[in-house]
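FYI, it's all coordinate maths here, none of it is from the lab. Everything numeric here is computed off the predicted structure, so don't read it as measured data. Positions of Cβ are generated from backbone atoms using ideal geometry, with glycine treated the same way; all protein chains shown enter the neighbour counts.
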Amino acid sequence: MDSLKEKLIDLFNRLTASGVIFYYGDEEIEFGEITEICDCNNEFMAIEIEEKIKKTVAIEDFKTFHSKENINLYDWVEVREFDRVIEEIEQYN
């Protein structure tokens, strides 16, 4: 599980460094840019929004309510890998 968590955080960091912008918002959390993925396990993910709001969200909710923008042609392989790792983390039990 630790290797999947590290891989997810690494992919997030590489994609944001490449210019991809991640957003999150749901009924309880105002829509904003995800500035950091702090931690995760097979049920929950700790994220930071707009560099000031830290929230823990269910992996299933993250899959439903997050979005990505500014994806260029060269990012698609890592974007798909990011989504695949989230699926693996959710299945890990």
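Listed values, structure above:
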{"item": "Overall form of the chain per C-alpha gyration tensor (a/c, 1.5; a/b vs b/c)", "result": "oblate"}
{"item": "Estimated distance in nm for a label pair at Glu28 and Lys7, the labels positioned 7 Å out from Cα along Cα-to-Cβ", "result": "2.9"}
